[in-house]
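Every read-out reported here was derived from the displayed coordinates using simple, explicitly stated rules and does not represent laboratory data. Remember, predicted model here, so these are calculated numbers, not experimental data. We place every Cβ from the backbone using ideal geometry, glycine too, and count neighbours over all the protein chains shown.
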Amino acid sequence: MSLITALRISASGLTAQRQRAEVASTNLANTETTRTAEGGAFRRKDVVFQTATFGQTFEAVSGGSEGVEVSDIVTDMRPFERRFEPGHPDADAEGYVEYPNVNPMEEMANLTSAARSYEANLAAMNIVKTMISRTLEIGR
Amino acid sequence: MINVHDKMFPAVENMLDWTAKRQQTISANLTNIDTPGYKAKDVSFAEHMQSLGLDKTSAAHFGYSDTSSMRIYEVGTTAEKPNGNTVDLDREMTELSKNGLQYIALVQFLNQKIRTLRSVINDGGKV
């Protein structure tokens, strides 16, 4: 039933946007982290979205219908921010400390965008739910 | 004249099917609003109706048939984002509401039709 597939597609969007918000939160939480398991300062993470096909359920129409999934979580290789803090235990010989390459402004914009996209998927889901319940009432 | 085998039933059924498939496509567009390179899609209507084996009394009327002639096409848009994505949030939200309401209207129409038939069956013989 195509309406159930529509719900599954929206659900995949909710999952992907939630993961994106989680990654943005991780970045925001680690804006000042200078020590990580890999060594050195924290590197900003980013999600990569790709389409996920639910083709077989949309057999009558060519092209299929696509949900979304997080294909990869990549590490941002932009240079670290260097601050002059000679008293810091992680300072190098010249007195500079490498701080994460996270820009809080960028992460906030990312979070807001993820929240809006999440809401759009929820709105679609609610309308589809109404459509399904009306379908069940045909002939009553 | 009212007929249990009214041609209206398969026609409405077909419209419901098309509307449901379209809802699926709109949901997919909204879901892929942040996917790089994704192109917004829609399900054709006019072409679908033209291709149906029509059984109609006027050239202006719609007919009915199977739904295998539905076709997905890419929505032409000028709002392509730098990452190649063409989903327009405002368009999709508008179509989402319109399509949902159209579905509910069709269901109500169908219910009314069934009520009329039931009334004829139950009360037709009474004096």
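Couple of notes before you dig in:
- Dividing the convex hull volume of the alpha carbon atoms of chain A by its residue count gives 123 Å³ per residue.
- Protection proxy ranking, highest mean first, for peptides B:88-99, A:121-132: A:121-132, B:88-99, where packing is the per-residue count of other beta-carbon atoms within 10 Å, averaged.
- 10 Å Cβ neighbours from other chains, averaged over peptide A:24-36: 0
- Unit charges on C-beta of K, R, D, E only; dipole of segment A:1-54, Debye: 60 debye
- Sorted peptide list for B:109-115, A:46-52, B:77-83, criterion being average Cβ within 10 angstrom, highest first: A:46-52, B:109-115, B:77-83
- Inter-chain neighbour count for A:65-71: the average number of beta-carbon atoms from partner chains within 10 Å of each residue's beta-carbon is 5.
- Neighbouring partner chain Cβ atoms per residue of B:33-40, average, 10 Å criterion: 6
- For the set B:Lys41/B:Lys98; A:Lys129/B:Lys21; B:Lys41/B:Lys81; A:Lys129/B:Lys113; A:Lys45/B:Lys81, the pairs lying more than 18 angstrom apart at their alpha carbons are A:Lys129/B:Lys113; A:Lys45/B:Lys81.
- The charge dipole of chain A, taken about its Cα centre with unit charges on the Cβ atoms of Lys, Arg (+1), Asp and Glu (-1) only, comes to about 780 debye.
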